[in-house]
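A quick write-up on the structure given underneath.
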Amino acid sequence: ELYWLEQAECDVPDGDGWLCADEIAVLERMPVPRRRADWRLGRWSAKRALAAYFKLFSDFHAFRELCLLPEPGGAPEAFVGNRPAGVSVSISHRGGLALCTVMPCKAALGCDLELVEPHSAAFLADFFTREEQALVARAPAADRARLVALLWSGKESALKALRAGLRLDTRCVNVSPVGALPGAQPEAPGSAGWLPLHVRYTPGRSFYGWWQHERGVLRTVVADPPPLPPRHIELSPVFVPDR
């Protein structure tokens, strides 16, 4: 099973009373305001998702018990009460939004959030495989910006699942989306608008996952083992302590 949640900057409360001490130490090492804001948004989204997944009371005390710290490769690892949570978590943020995905097992998991916007031919030549470039070239002009965002997002998700990020050449992964072009395979029953995604890693490993496009926002998530269609996490109101 795979769960997802999205939050916006306006959802994040003032102050840092919902962060654990180790997270505050990480935050204090970030001098750039934009990076701090994105990091807080990602952590807030993940804590909201995990609190709902573990059926914890949604208040700052519970959120402080949910600690997300970076692994050596930079991927977030979740702890509950200083013990490993036994779940896999991936976080992405872009344009004032954050996406968090959760799998209830230790899996290779990666997600990414992108905005659909134009890219240059040089961008495709530098970062995309020949197969991906050919796919974009065959696409109707009206669909190319979305397709490029989808291919790039799929790469980002796969590189996160590999615990490498952009330290690897983006051309070492090849993204094969389903339903990206008109007339392609319709969405699977029960997938709630998510369409299948396959990413092939050059050394021979494959990742399977899903993608979704909604109001200019493109989401992808891939994992090994292959996940079921993502299920949206339903939230309860947050109890905010008096200041």
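The values are calculated or read from the model by the stated rules, or taken from the named source; none is laboratory data. Here the structure is a predicted model, which is why all the values come from computation and not from measurement. When we count neighbours, we look across all protein chains shown, and the Cβ atoms used for this are built from the backbone with ideal geometry, even at glycine. Protein only, heavy atoms only, side chains kept; ligands, DNA and RNA dropped before computing areas. Shrake-Rupley method; radii C 1.70, N 1.55, O 1.52, S 1.80 Å.
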Positive dipole terminus of the stretch 79-154, leading residue within Ser90, Ala125, Leu150 (C-beta point charges): Ser90
Rg/Rh of the chain (Cα atoms, Kirkwood Rh), to two decimals, equals 0.98
Anchor Lys160: lysines whose Cα lies under 26 Å away (excluding residues fewer than 8 positions away in-chain): Lys47, Lys106
Counting other Cβ atoms within 10 Å of each Cβ, which trypsin sites (Lys or Arg not before Pro) in the stretch 77-143 have at most 13 and sit in a DSSP loop? Lys106
State the percentage of accessible surface on the chain attributable to carbon and sulfur atoms; use a 1.4 Å probe and exclude ligands, DNA and RNA. 55 percent
Under the Karplus relation 6.51 cos²θ - 1.76 cosθ + 1.60, θ = phi - 60°, what is the ordered set of whole-Hz ³J(HN,Hα) values for the stretch 66-77, x standing for Gly and Pro? 8, 10, 10, 10, x, 6, x, x, x, 5, x, 10
On average, how much accessible surface per residue is there in the chain, in Å², for a 1.4 Å probe, leaving out ligands, DNA and RNA? 48 Å²
